[in-house]
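Input: a single structure, listed below in structure tokens.
Read-outs: derived from the displayed coordinates by stated rules, not from any lab. All of these numbers come straight from a predicted model, not from anything done at the bench. Positions of Cβ are backbone-derived with ideal geometry, glycine not excepted, and every protein chain shown enters the neighbour counts.
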2 protein chains.
Amino acid sequence: MENFQSFDRLSLNQATTQRWNLREAVDGCARAEIPWIGLWRDKIAEIGLKESSKLVRDVGLKVSGIIKGGMFPSASVGEWQRIIDENRRAIEETAELGANALVMVGGGLPNKDLDYARKQFKEGIAELVPFAQTHGVKLGIEPLHPMFAADRSVVVTLAQANEIAKSYHPNDVGVVIDVYHVWWDPDLYNQISYTGEHIIGFHVSDWLIPTPDMLKGRGMMGDGIIEIRRIRKAVDAAGYTGPIEVEIFNQQLWDQPGDEVLEVVKKRFLEHV
Amino acid sequence: MENFQSFDRLSLNQATTQRWNLREAVDGCARAEIPWIGLWRDKIAEIGLKESSKLVRDVGLKVSGIIKGGMFPSASVGEWQRIIDENRRAIEETAELGANALVMVGGGLPNKDLDYARKQFKEGIAELVPFAQTHGVKLGIEPLHPMFAADRSVVVTLAQANEIAKSYHPNDVGVVIDVYHVWWDPDLYNQISYTGEHIIGFHVSDWLIPTPDMLKGRGMMGDGIIEIRRIRKAVDAAGYTGPIEVEIFNQQLWDQPGDEVLEVVKKRFLEHV
């Protein structure tokens, strides 16, 4: 049933080729015959939305996800409103680019009140769902590793993401599973199975020993200790058939020529994902 | 009921004054009138077990914990046996020093098999309990932060520690709660309450933004974002009345004179713990 020898589901998350602008990344995917791409909003802004959309469509690339929305926790009403407005623009971009999902990240703590920040995340999703619906956009909640709980995402486990996503239809709100963020979770396989049709994205990379850097220290698949294929099989078994994004924040990788990185990505994708 | 203006429960974990040997740490606690100390096995070995025990008793210090036992995951039978033997020695030292508990840490991954490593941890505890009982020593399972799951501890949540500890009497196996390792957990307060009389140790420090270093980047209480007093109140409410260890791995702190560090520890303990 499962096909581990095909690139049909392979997606390049732009974070993997950080030095490439959107045009270069699109061209790189076309040359490497990678059918999907995950786009970052800062890269879209550099080129412009219309031009980005045209570039992607011209080469027939499909967009797996737009990174990122969310980041709701805020210390003032003004800040909250600014964040909601920014998320509306992100939803419009996701619609324009025909992406599978807008990836929603928790956001860090504006103060010591963790419970309140988590409540704000939940409320942010609720606030945006009607707007996303009218644009035909799915919101994909991606829990980040607990080491980012303070400064990047108060949403840190699949159970937490599920608690929110499961109160919506999977056409509206789902969950994005990134092996780097969830591999350590004692409840992982149980939660993947429970997520089921709410899985709307799947990201891969590896956990290196030692971790060279908290933010830019992810590894190429196969270089670390994550049981990537086991997790992929569990995600597939839960019913997910969509793109698999390779998202690797790693300074050493960024220092290599993009085309060479894509060749390694393809090789390791077949071997380890 | 609760007394936040007393040093009766304050314990200095030796990791906070890394440059001091055991003799210097004991003298420092005596000068600062800190009644408890948490001892590291490498520091005990430096001075010798008998002499360490004598030093501690002579000034009337109480020993909150010995760090550390555990570290069971291993790739061969020989390695496993070596680790079990090492843990037996740690239990003997804990008995000799009259410490409240031997702190058991998970250990890292010898290979990619996370489930098997976790099974080994559970088996290691089971193997040692009878030996610990005959020495009157409690084993305290301390889950570490998930960012240490690969290289230091496959036990990363309170739920996981509880699953093991709860199959033993709290006189034999308990749980050590360190705010730095568990503060991010969405299930934290529920798990603390569930741990109940199995809580046999409580450690404090703070989570800094940004984290200057994964290993040596903990903060002094009050310098970070952890709701320390809220967690302490929950731990007290669960029935814990024992020592509260200040355990801060921080290079900047280590570069300061020990006596000055203890003064700050005492001040922040009253303000934030």
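Annotations
- Each Lys and Arg adds +1 at its Cβ and each Asp and Glu adds -1 at its Cβ; summed about the Cα centre, chain B shows a dipole of about 180 debye.
- Computed from backbone phi with θ = phi - 60° and the Karplus coefficients 6.51, -1.76 and 1.60, the 3J(HN,Hα) list for the range A:125-132 is 4, 4, 5, 8, 4, x, 5, 5 Hz; x is used for glycine and proline.
- When the helices of the protein assembly as shown are scored as -39500 (n - 2.57) per DSSP H run of n ≥ 4 and the total is divided over every residue, the value at 222 nm lands at -13000 deg cm²/dmol.
- Per-residue average of Cβ from other chains inside 10 Å of B:146-158: 5
- Cross-link reach list, aspartates and glutamates versus B:Lys166, counting only Cα pairs under 14 Å and skipping chain neighbours closer than eight places: B:Glu142, B:Glu197
- Shortest-first nm distances, A:Asn3 label point to equivalent points in other copies (7 Å, Cα→Cβ): 7.2
- Placing unit charges on the Cβ atoms only, positive for Lys and Arg and negative for Asp and Glu, gives the range B:16-148 a dipole magnitude near 140 debye about its Cα centre.
- For the range B:199-254 and the range B:82-111, distance of Cα centres in Å: 22
- Percentage, to the nearest whole number, of Cα pairs in chain B over 25 Å apart: 42
- The other copies place their A:Asn171 label points at 6.3 nm from this one, listed shortest first, where each point is 7 Å from Cα along Cα→Cβ.
- Violating pairs (Cα-Cα greater than 18 angstrom) within the set B:Lys43/B:Lys68; B:Lys62/B:Lys138; A:Lys119/B:Lys233; A:Lys62/A:Lys216: A:Lys119/B:Lys233; A:Lys62/A:Lys216
- Stretch in chain B that is longest and holds no GluC sites (Glu not before Pro) that DSSP places in a loop and that have at most 15 other beta carbons within 10 Å: B:34-273
- Considering every alpha-carbon pair of the range A:151-205, the percent of pairs per 5 Å bin, from zero through the bin containing the longest distance, is 4, 20, 32, 27, 12, 4.
- Along the axis of the charge dipole computed for the protein assembly as shown (Cβ charges of +1 for Lys and Arg, -1 for Asp and Glu, origin at the Cα centre), the listed residues B:Ile47, A:Asn21, B:Ala90 are led at the positive end by B:Ala90.
- Counting other Cβ atoms within 10 Å as a rough exposure proxy, the listed residues B:Tyr116, A:Tyr168 run B:Tyr116, A:Tyr168 from fewest neighbours to most.
- Long-range HN-HN contacts of B:Leu10 with modeled amide H, under 5 Å: B:Ile244
- Residues B:Ser167, B:Ser205, B:Ser6, ranked from the fewest to the most other C-beta atoms within 10 Å, line up as B:Ser6, B:Ser167, B:Ser205.
- Here A:Leu215 yields copy-to-copy label distances, from shortest upward, of 2.3 nm, the label point defined as 7 Å from Cα along Cα to C-beta.
- Projecting the Cα positions of A:Val56, A:Phe7, A:Gly70 onto the charge dipole of the range A:1-70 (unit charges on Cβ atoms of Lys, Arg, Asp and Glu, taken about the Cα centre) puts A:Gly70 furthest along the positive direction.
- Assuming charge only on the beta carbon of Lys and Arg (+1) and of Asp and Glu (-1), the dipole of the protein assembly as shown about its Cα centre is about 240 debye to the nearest 20.
- Counted over chain A, the DSSP beta bridges are approximately 10% antiparallel.
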